[in-house]
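The values are calculated or read from the model by the stated rules, or taken from the named source; none is laboratory data. It should be emphasised that the depicted structure is a prediction, and the values quoted were computed from it without experimental measurement. Glycine gets a Cβ as well: all are built from the backbone with ideal geometry, and neighbour counts include every protein chain shown. Areas reflect the complete protein model, heavy atoms only, side chains present, ligands, DNA and RNA absent. Shrake-Rupley method; radii C 1.70, N 1.55, O 1.52, S 1.80 Å.
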Amino acid sequence: MQKLGEVYDVRTTPDKFIYAFVSQGPKGAVTKLVAFTETEQAGLFNLGFGDYDPMTGEVNDLAVTDNGDSQKVLATIVQIVYAFTELIPEAVVVAFGSTPARMRLYQMGISSQLTAAQTDFYIWGLVADNWFPFEKNQPYRALRVKRKIGA
């Protein structure tokens, strides 16, 4: 695994499909969750991400925490994708941003880690209904990654 920069400590469920970490910043401690859900297509997993709401027990994928730690949060998500694809190397992981701003944030995270990530993953972006190799500064509707076997 490549060096990702500073990341948060992560906890996971026994099945390794849900990961949690705590964002620390001016807005306080905010629990973040990353969940992998297998779609109807075997081996294709949706990556869900958001703030855990202790009042409802739900994940809010529209929350904007603005805790001043977005690079650390993004690096932590990348670390989680590494961990998940180590567990299931043949998995294809897809991430749709819940908003255009969140999609841009995901793209910035991939772009900031692109050289390291492309060593270990095939990375594509969705334009209209077609997947293309990921390029910086391109507007994508979704991102898709697959671990390079043996990477």
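Computed over protein heavy atoms with a 1.4 Å probe, the accessible surface of the chain works out to 56 Å² per residue. Principal axis extents of the C-alpha atoms in the range 70-151 (largest first, rounded to whole Å): 32, 29, 22. Helix 70-87: angle to the longest alpha-carbon principal axis of the chain, degrees 0 to 90, nearest 10? Taking the Cα atoms of the chain, the angle to 70-87 is about 60 degrees. Percentage of Cα-Cα pair distances in the range 48-105 greater than 19 Å, rounded to whole percent? Of all Cα-Cα pairs in the range 48-105, 38 percent lie more than 19 Å apart. If the segment from residue 126 to residue 16 were pulled out straight at 0.36 nm per residue, it would be longer than the present Cα-Cα gap by 36.9 nm.
Sorting the segments 87-98, 123-134 by their residues' average number of neighbouring beta-carbon atoms within 10 angstrom, most packed first, yields 87-98, 123-134. 3J(HN,Hα) along the range 61-66: 8, 9, 5, 10, 6, 6 Hz, from the Karplus curve 6.51 cos²θ - 1.76 cosθ + 1.60 with θ = phi - 60°, whole Hz, x for Gly and Pro. For the chain, find the longest principal axis of its Cα atoms and tell me its angle to the long axis of helix 100-112, 0 to 90°, nearest 10. So the inclination is approximately 70 degrees. Subtracting the Cα-Cα distance of residue 137 and residue 108 from their residue separation scaled by 0.36 nm leaves 9.6 nm. Residue separation of residue 55 and residue 38 scaled by 0.36 nm, minus their Cα-Cα distance, works out to 3.4 nm of gained length. For the chain, the convex hull spanned by the alpha carbon atoms encloses 118 Å³ per residue. Taking amide H as placed 1.01 Å from N in the peptide plane, the amide H of residue 142 sits under 5 Å from that of 126, each at least 5 places away or on another chain.
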